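Everything on this sheet refers to the single structure shown next.
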Amino acid sequence: MYPLAWLETRPGTIVNPQPHLVKCPVCGSPDVTHKGKKTRTLRAHHPYQDRPVNFEIDVPIVHCSACKITRQIDLVIADPKKHYTKAFAREVVKLLMCMSVLAVSVALSLSWGTINSILKDWLEKKVSNIPLTGLRRIAIYELFIGKRIKFLTIVLDLDTGDPIFVGEGKAQAALEPFWAALGPIRASRIECVALDMGAVFTKAVTDHLKNAKIVTDHFHVVKLINMTVDNIRRREFARATKEGKIVLIGTRYLLLRNKEDLDASKGDIARLERLLELNKPIATIYILKEDLRQIWTKGSKEKAEEALKSWLTTSRESGDPAIIKPANTIEKHSVNILNFYDFMISTGMLEGINGRIRRKIG
Ligand SMILES: [Zn+2]
């Protein structure tokens, strides 16, 4: 679908659309006269370099003898008046699943307005243009986008990575148009759904997807434990003496980063070890956080189940209410967390480009 020439794009290089696209955008007739051109700049994902790129395209303006109108041709890869490709818009919606609107706007150098306009387009399209056939594995998640619309509910096809539905709000009602469009037969063929730990989607899925197993998304479980690390770090800071506060300052990223991503040459590991030696509650939650991440790398469901049980016991033995509360939430979802091993789905399947961008901005 992409004009391949844009891969070679250097600043100042202009791409021409393929000749077969030069036709009336309304009736599709090739019987048109050229009326000049408009240079449009489009933002797209560079498939090999994992970054957004801009390319310029000379869009012919044509007059159709049948419709008697003069317009830009339909580029197919981008909607009229948009400054990004359709594929790029899909990528933005995907990224928003695992990153905040702010993080996406930084990673892709997009304005908040553009991101909201991409989401608004999805809302308007709803499911009308998207074929819902052949769905097997999906993810449903909510996205906070700002004060005006607040929440969106997004459904992704995990096999293609494409968003297939965007609904307004985060209640069950947000999904009603999706269930209506899907219909009971296609709904019965969905095998598994990656979800967060909220009760709303769990109930909606149990009601509508009778044959689907729920897989509690790895990303949301890790997010919960990272929030716990952060809460405990803050609590300990408030309690600490003047000397203790000095050790804690600037340690947030040390604690939240994956241990293997820390930079020993910058003294990160030494600083982390000193902090863990001095503060027992922080050391406890840190070890629990690192251990919890291993639940998804155990190689078998049985081993993971054993590890999760022992993780829950250690959490309770900490006696720290700030740890026990999230541990109880995780226990409540443990069957669905372990379902991962039957289906191997998570929103992490969509990493690659997304993951690399996420790591860059931390
Ligand atoms: Zn026409």
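Nothing in this text is a laboratory measurement; each read-out follows from the coordinates by a stated rule. Computed from a predicted model, the values in this text were never measured in an experiment. No Cβ is skipped: glycine too gets one built from the backbone with ideal geometry, and neighbour counts run over all protein chains shown.
Only one residue of I69, L102, I282 has its Cα farthest out toward the positive end of the dipole of the chain, where Lys and Arg carry +1 and Asp and Glu -1 on Cβ, and that residue is I69. The antiparallel fraction among DSSP beta bridges confined to the chain stands at about 75%.
Put simply, the amide H of D74, placed in the peptide plane, has neighbours under 5 Å in K23, leaving out anything fewer than 5 places away on its chain. Projecting the Cα atoms of G244, A307, L262 onto the charge dipole of region 236-333, computed from C-beta unit charges around the Cα centre, puts G244 farthest toward the positive end. Only helices reaching 30 angstrom along their own axis (Cα) with mean Kyte-Doolittle hydropathy no lower than -1.0 count here, and for the DSSP H runs of the chain these are 218-239. Summarising the strand pairing of region 89-217, around 65 percent of its internal DSSP beta bridges are antiparallel.
Scanning residues 5 or more positions from I61 or on other chains, those with amide H under 5 Å from its amide H are K35, G36, K37, K38, with H placed 1.01 Å from N in the peptide plane.
Taking 22 Å as the limit for the C-alpha separation, the pairs K242/K289; K203/K332; K37/K120; K298/K332; K81/K120 exceed it in the case of K242/K289; K37/K120. The calculated 222 nm mean residue ellipticity attributable to helices in the chain amounts to -13500 deg cm²/dmol, summing -39500 (n - 2.57) over DSSP H runs of n ≥ 4 and dividing by all residues.
Relative contact order of the chain, taken over Cα pairs closer than 8 Å and 6 or more residues apart, is 12 percent.
Placing unit charges on the Cβ atoms only, positive for Lys and Arg and negative for Asp and Glu, gives the chain a dipole magnitude near 940 debye about its Cα centre.
Put a plus charge on the Cβ of each Lys and Arg, a minus charge on the Cβ of each Asp and Glu, and nothing anywhere else: the dipole of region 89-217 about its Cα centre is then about 160 debye. Maximal additional length on extending the R252-R293 stretch stands at 13.0 nm, based on 0.36 nm per residue less the C-alpha distance. Each semi-axis of the equivalent ellipsoid for the chain is √(5λ) with λ an eigenvalue of the Cα gyration tensor; in descending order they amount to 45, 26, 17 Å.
Sorting Y141, Y253 by the number of Cβ atoms found within 10 Å of their own Cβ, with the fewest placed first, yields Y253, Y141.
Among residues other than C24 whose Cβ falls under 14 Å from its Cβ, what is the net charge (Lys/Arg +1, Asp/Glu -1)? With Lys, Arg at +1 and Asp, Glu at -1, the net is +2.
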